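All remarks here apply to the structure that follows.
All of the numbers you see were taken from the coordinates with simple rules; none came from a lab. A quick note: this is a predicted structure, and the numbers were derived from the prediction, not measured. Using ideal geometry, Cβ is built from the backbone for each residue, glycine included, and neighbour counts are taken over all protein chains shown.
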Amino acid sequence: MRPPRPVTVAFCPQPPLLLPAVAGAPSPELAAVRAAVDAAVHTLLADRPEVVIVVGDGVDGVRFGPGDVGDLRGFGVDLEVPFAGRVRPGGRRTPLPHLLGAWLLDRAGHGGPRLGVAPGDLGTALDDVPGPVGVLAMGDGSARRSEKAPGHLDPVAAPFDAAVARALAAGDAAALAALDPAEGARLLAAGVPVWRAVGTALAGAQVSAELRFDGAPFGVGYLVADWRLR
């Protein structure tokens, strides 16, 4: 089923370094990524979506909402980020992509309804929203873009990320849907399940697209783009 319209998508990377509390001292590289991400999220919110769906790799079959919370203790920072509203006792722990998605929405001043889903639930979640909807698609490119990258250098990593960048720039949902999940896993490209899910959900749609960032400042591919469907 074709998703409800209008739909706006912001594709954003998911490095914990996006948060100043984790990154520490400012850097030009992070400033450029944050500026691109802020622009994509503001485009997402400009269409006043009834619900923002934050999609990221995480716990299949679980939806995150009010009262749920994530934390950054695994990165040495004693910081909790509520997914939506106040934390409630017994709230579920959000995975990193959903934590960062919530932080980006908060940073943009968005207090409206939001729903966190795994890639396999995106199509159903879109069908469940009757009006304008935003999709915040969280995911990195390959973590094998340089010798100092988390997965070390793989010569296939840059061409793989370049193909994703072309698809994002062209609004090519079919190309995203056709990404090879096994190759994505081998290249440590965490965004592949999310990009495939967005591409599948938006198959056949007419898209206005803008690629805002394509780089690997820390050996990990960061891609930022936004799509608008009408």
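So the values come out like this:
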{"quantity": "Spatial separation of Cα centroids for segment 10-47 and segment 172-224, in angstrom", "calculated": "17"}
{"quantity": "Viscosity 1.002 mPa s, temperature 20 °C, Stokes-Einstein D of the chain from Kirkwood C-alpha radius, µm²/s", "calculated": "123"}
{"quantity": "Length-normalised contact order of the chain in % [C-alpha pairs under 8 Å, at least 6 apart]", "calculated": "29"}
{"quantity": "Span-rule helices in the chain, defined as complete DSSP H runs reaching 15 Å or more along the axis (Cα) with Kyte mean at least 0.0", "calculated": "28-46, 96-107, 157-170"}
{"quantity": "Only Lys, Arg (+1) and Asp, Glu (-1) charged, at Cβ; the chain dipole about Cα centre in debye", "calculated": "320"}
{"quantity": "Neighbour-limited loop hits for trypsin sites (Lys or Arg not before Pro), segment 103-169 (at most 14 other Cβ within 10 Å; DSSP other than H, G, I, E, B)", "calculated": "LYS148"}
{"quantity": "Sorted peptide list for 173-186, 205-218, 90-103, criterion being average Cβ within 10 angstrom, highest first", "calculated": "90-103, 205-218, 173-186"}
{"quantity": "Per-selection Kirkwood Rh - segment 129-209 (Cα, Å, 1 d.p.)", "calculated": "13.2"}
{"quantity": "q = 0.19 Å⁻¹, segment 21-116: log10 I(q)/I(0) [Debye, one scatterer per Cα]", "calculated": "-0.98"}
{"quantity": "Beta bridges by DSSP in segment 1-156, antiparallel share as percent, to the nearest 5", "calculated": "20"}
